[in-house]
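Student: Following this message is one structure expressed as structure tokens.
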Amino acid sequence: MHFVINEEDFEREVDLRTSLLDLLRDHAGLTGTKKGCNQGACGACTVLVDGERIVSCLALAVQYEGRAITTVEGLADAAGLHPLQRAFVEHDGFQCGYCTPGQLCSAIGMAAELQRGLPSHVTADLTATTMRTTREELTERMSGNLCRCGAHNGIIDAIDEFFGDDRADHAYVPETPEKVA
Ligand code: FES
Ligand code: FES
């Protein structure tokens with residue numbers, strides 16, 4: 001089977017029942033993605049596939065052959081940490097760090113959803129073409145990623161630095177400009 005993980009090819013024959021999470025951790029050696037509940041409830045295993053966030057514990061690896069998989073290891077580059085990672089450090093967005101890889105990938109996927117105009121449970125105007133990124137919106141949209149250390153305030157502060165309403169001029173803008181009909 002052929003996978004593309006963090007822009008690198010990875011070949012491995014695995015049992016068809018192998019989850020994407022186990023492929024990443026046990027076969028590709030990418031242990032940044034964490035296994036929390038292993039049943040889709042905590043978000044610790046969140047990764048990006050073609051820019052969309054998914055919980056990798058509920059995904060069969062075989063479904064993602066040839067797709068662009070991004071894990072936390074793929075966020076930083078030769079220049080250093082991804083700016084969102086730096087914001088997590090600056091805002092104390094973690095304590096033990098177990099949920100952090102999932103929080104980072106989820107936040108980047110969330111920003112792409114905002115760009116595409118996808119509403120959330122707390123979006124007041126479902127016809128808006130531009131989603132507002134209030135703290136309430138960010139909190140709701142990140143509610144699938146649990147932090148047992150209770151670092152949620154710092155996590156939302158860090159994400160707000162990037163995607164909040166007052167930060168529209170920030171350098172990082174996700175590359176998914178189309179609005180879904
Ligand atoms: S480990 Fe996948 S959602 Fe908890
Ligand atoms: S920082 Fe420990 S679980 Fe979130």
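The values are calculated or read from the model by the stated rules, or taken from the named source; none is laboratory data. Not measured: the values here are computed from a predicted model. Cβ sites come from the backbone with ideal geometry, for glycine too, and all protein chains shown count toward neighbours. The area values use the complete protein model at the heavy-atom level, side chains included, leaving out ligands, DNA and RNA. Shrake-Rupley method; radii C 1.70, N 1.55, O 1.52, S 1.80 Å.
Student: Determine whether Leu16 is open to solvent by 70 Å² or more (accessible area, probe 1.4 Å) and among the hydrophobic types (A, V, I, L, M, F, W, C).
Tutor: Yes; evaluated as a whole, the condition is true for this residue.
Student: So, in region 106-127, exactly how many residues are under 22 Å from Ile155 (Cα atoms), of a type in the set (Ser, Thr, Tyr) and either at pLDDT below 95 or open to solvent by 70 Å² or more (accessible area, probe 1.4 Å) (or both)?
Tutor: Counting residues in region 106-127 that are under 22 Å from Ile155 (Cα atoms), of a type in the set (Ser, Thr, Tyr) and either at pLDDT below 95 or open to solvent by 70 Å² or more (accessible area, probe 1.4 Å) (or both) gives 2.
Student: List the number of the failed condition for Gly144; all other conditions in (1) within 16 Å of ligand 1 (Cβ to nearest atom); (2) open to solvent by 10 Å² or more (accessible area, probe 1.4 Å); (3) assigned to a helix (DSSP H, G or I) hold.
Tutor: (3)
Student: Okay, next question. Quickly run through region 34-53 and pick out the residues that are open to solvent by 30 Å² or more (accessible area, probe 1.4 Å), in contact with a strand residue (DSSP E or B) (Cβ under 7 Å, 6 or more places away or on another chain) and without any contact (Cβ under 8 Å) to a residue 40 or more places away in the chain.
Tutor: Gly40, Asp50
Student: Also, I was wondering about something else. How about region 69-78: which of its residues are in contact (Cβ under 8 Å) with a residue 40 or more places away in the chain and open to solvent by less than 50 Å² (accessible area, probe 1.4 Å)? Walk me through it before giving the result.
Tutor: Applying the first criterion (in contact (Cβ under 8 Å) with a residue 40 or more places away in the chain) to region 69-78 yields 69-74.
Scanning region 69-78 gives Ile69, Thr70, Thr71, Val72, Gly74.
Student: Considering every residue within region 46-65, establish whether at least one is within 16 Å of ligand 2 (Cβ to nearest atom) and over 29 Å from His2 (Cα atoms).
Tutor: no
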